[in-house]
Amino acid sequence: MPLPTSGLPPLLQLALVLVGGIAMHWLAWALRLPSILLLLGFGLVLGPLAGWVATDALLGDLLQPGISLAVAAILFEGGLGLRLAEIRPVAGFLARLLTLGAALTFLLTSACAWLLLDLPTPLALLIGAFLVVTGPTVIGPLLRHVRPSGRVGPLLLWEGITIDPIGVLLSLLVFEVVAAGAKEASLALAVLRTVLAGGLLGLGGAQALLVSMRRYWLPDTLVGPAALAMALLVAVAANQIQEESGLLAVTLLGIRLANQRAVPIRSVLEFMENLRTILIAGLFVLLAARVPLAQMQAVLLPGALFTAALIVLVRPASVFACGLGSGLGRRELLFVAAMAPRGIVAASVASVFALRLQQAGIEGAERLAPAAILAILGTVVFYGLFTPWFALRLGLSRPDPQGLLVVGAHGVARELLRPLQQQGIRVVLVDKNPGAVREARMAGFEAVLGDILDERLLERLDLGGVGKILAMTPNEDVNALALLHFQDLFGRVEAYRVAPEGGGAERRETPVHLRGRVLFPPGATLERLAQRLRAGAVVKATRLTPHFTLADHRREHGDDALPLFVVRASGRVAVWTAELAPTAAEGDLLVALVGPAAAPRP
């Protein structure tokens, strides 16, 4: 069968994929939608609908190796985010999901494929094997979009990353039985080679990286690229020993780096996070662009029923079977049961094995890939649309979180933020001063004792519903580093710090990436705010109406009134900054410091 071709030059096709993929990421951020949905839709337009991108003809023999390397890089980046401390409370449940849950998913999926897709038993077992995987290419973006609170986020991320090597290995074993009639001894040898090759190379590569970083053999500019090179090296080397064992190697490599304390890996994280965005954009656009619409029409109805069975039967049954005695509440189990999208790993394995089976003349192999792609597209679309809404209904997520993480629990911070807390907005104060934390708790605030720069603190913080960080300590260095520490979580747009005492001169000296957005109108340093509060100023919340506008507020309280926050009628919080003052309209709540102005500075 000839490959579909495109009339566009190859360079233009590649540019459309990458530029359009990044544009879809941005559009998803602007519209607050899961990026995977837009990437798949864009790929369908480029490929089967418009015919502008022909993936197989464009990449040729490089397609499968390129996908393998990209998946290895994404799994490595996912492993870098897996911290053992986050998963310890539900480690038993995770272990059951990866064993009993994987086995139940395999058996139930195979049964559904045999009944609904009318596949021969060997092919039904094979599709059941490679649809065991979920994967970080889908789970990660969806979790970042939903941001569920509590233990379910780390649990799903751990499952999504660690299930990939298990599912791929299972697929390989089933394929060996179906295509080559492998015996038990050879299957056991394949498992042993996978564990040894993946484990030894992954952990060995991590140790080599750690030694080179600890002894400063690598300049800072090469740490991220060197880590990527090591991940690709161990993936390829492990695959040479045992096919598909590279996924286990890169996963262990990432986990080992994430859970050591000898060297900082922030530069590696930043490098890999940027690369992940590009890789996911390219992979999902290219995947959707090569969807065989003509072949999928033949299995459309049974494929839709099969996908529905995966969602409403297979996943809930495996989760609830594993959840007995897990300690997770009903809402958490329901959310885990409602999150199992399949991703690029399943698509890659399905296409490779389907092609090999067709070449071997196995009957029904031509229906394998279309059915798998339908299941992948169906689960991604369903979970991408349904999961954010379901998380909200379960109370595990908040739309557009408006809570504040505040660095500093001193009296000035408490006074300025009290009106927001009274409006039901979550305010989490963090301070390493036990006295300040104790006073904040006595005043009714949620306060945490700890150093904001301690990596272990993030493991103890529940940031559900929190979408902004305000650094308000007297130490400007701590403020700058706190914003840098949490930049990946909140982004630069929602990272604020109190104005430094040095004023304009300090802003010229502080590097741009450490500045953050300066809180409140110009000159509102922590000391000047404290002076005004000591002089009798108060923080007042005023609802703006047609009869009392922002201009009326200024006339009543004078030029010395210092606006701090605006709480929209919708519940969104706008922070007044030195660079950009938010608008305040009818129905909004204006929080401002009014009363005696601070004495002039000598």
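The values are calculated or read from the model by the stated rules, or taken from the named source; none is laboratory data. From a predicted model like this one, the values you see are computed outputs, not experimental measurements. FYI the Cβ positions are ideal-geometry reconstructions off the backbone, even for glycines, and counts take in every protein chain you see.
The table below gives the values:
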read-out: Answer residue from the stretch 408-425, given it is in a loop (DSSP other than H, G, I, E, B) and either more than 32 Å from the chain's Cα centre (by Cα) or of a type outside the set (Val, Ile, Thr) (or both) and is surrounded by the fewest Cβ atoms within 10 Å (Cβ to Cβ) among those; value: GLY424
read-out: Those residues of the stretch 38-55 which are touching a helix residue (DSSP H, G or I) at 6+ places or on another chain (Cβ under 6 Å) and not aromatic (Phe, Trp, Tyr), in sequence order; value: LEU38, LEU39, LEU40, GLY43, LEU44, LEU46, GLY47, PRO48, VAL53, THR55
read-out: Residue match in the stretch 214-236 (condition: under 28 Å from ILE127 (Cβ atoms), in contact with a Gly (Cβ under 6 Å, 6 or more places away or on another chain) and assigned by TED's automatic domain parsing to the domain that holds VAL345); value: yes
read-out: Cβ pairs under 7 Å, 6+ apart, first in the stretch 333-345 and farther than 12 Å from LEU97 by Cβ and in contact (Cβ under 8 Å) with a residue 40 or more places away in the chain, second among the hydrophobic types (A, V, I, L, M, F, W, C) and part of a loop (DSSP other than H, G, I, E, B); value: PHE335/LEU396; ARG342/LEU131; ARG342/VAL133; VAL345/VAL133
read-out: Of the criteria (1) surrounded by 21 or more Cβ atoms within 10 Å (Cβ to Cβ); (2) not in a helix (DSSP H, G or I), which one TRP52 fails; value: (1)
read-out: Qualifying residue in the stretch 117-126 (condition: polar (S, T, N, Q) and surrounded by fewer than 18 Cβ atoms within 10 Å (Cβ to Cβ)); value: yes
read-out: Residue in the stretch 287-296 that is assigned to a helix (DSSP H, G or I) and either more than 19 Å from ALA347 (Cβ to Cβ) or not assigned by TED's automatic domain parsing to the domain that holds LEU98 (or both) present; value: no
read-out: Conditions (1) within 26 Å of PRO264 (Cβ to Cβ); (2) modelled with pLDDT of 80 or more; (3) acidic (Asp, Glu); number of the one not met by GLU415; value: (1)
read-out: Among residues of the stretch 569-585, those that are farther than 17 Å from VAL427 by Cα and under 28 Å from the mean Cα position of the chain (by Cα), counted; value: 1
read-out: Residue list for the stretch 520-534, restricted to those being closer than 15 Å to ALA471 by Cα and either in a helix (DSSP H, G or I) or not aliphatic (A, V, I, L, M) (or both); value: PHE520, THR525, LEU526, GLU527, LEU529
read-out: Selected residue (criterion: surrounded by the most Cβ atoms within 10 Å (Cβ to Cβ)) from residues of the stretch 174-225 that are outside any helix (DSSP H, G or I) and at pLDDT below 80; value: ALA182
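Per-residue answers, yes or no, for (1) within 21 Å of the chain's Cα centre (by Cα); (2) buried (at least 19 other Cβ atoms within 10 Å of the Cβ); (3) hydroxyl-bearing (Ser, Thr, Tyr):
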site	(1), (2), (3)
GLY246	no, yes, no
ARG256	yes, yes, no
GLU273	yes, no, no
ALA289	no, yes, no
LEU293	no, no, no
ALA298	no, no, no
